[in-house]
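Contents: one structure, followed by commentary.
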Amino acid sequence: MIMEYIEAALNKARYDMIKDKEPFYAEIPGLDGVYATGKTLEECRKNLSEVIDDWIVIRLRRGLPIPPIEGHKIEELKELKVNA
């Protein structure tokens, strides 16, 4: 569930070149505060994936909503049922 959400978010990423020692910049529209940089596009994408993962954890811990992306949702578990 989380990996699919992260992959869907990465598919929406916008990349740009900036004047910096890490010139590759990426952000995800609709996910406020989710952005990353890197020395290469691959590094930038990896960093962005880690930022998304951290962003999800923080929002879950604070009880904040996580917007769905391409039908993928992450919601806090209210109840866990175990079949015996």
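The values are calculated or read from the model by the stated rules, or taken from the named source; none is laboratory data. None of the values given here were measured: they were computed from a predicted structure. Note: ideal-geometry Cβ built from the backbone for every residue, glycine included; neighbour counts use all protein chains shown.
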Exercise for the section: Can you give me the ranges of the strands (runs of 3 or more DSSP E) entirely in the range 5-65 with at least 2 residues that are farther than 24 Å from GLU75 by Cβ, touching a residue at least 12 places away in the same chain (Cβ under 8 Å) and of a type outside the set (Ser, Thr, Tyr)? Expected result: 24-27, 35-38
Handout entry: Positions within the range 45-84 being in contact with a Pro (Cβ under 9 Å, 6 or more places away or on another chain) and not basic (Lys, Arg), in sequence order
Key = ILE74, GLU75
Exercise for the section: Quick one: count up the residues across the range 18-34 that are crowded, with 18+ Cβ neighbours inside 10 Å and out of contact with any Lys or Arg (no Cβ under 9 Å at 6 or more places or on another chain). Expected result: 1
Exercise for the section: Taking ASP53 as the residue in question, decide whether it is within 22 Å of ILE69 (Cβ to Cβ), at pLDDT below 95 and either of a type in the set (Lys, Arg) or surrounded by fewer than 16 Cβ atoms within 10 Å (Cβ to Cβ) (or both). Expected result: no
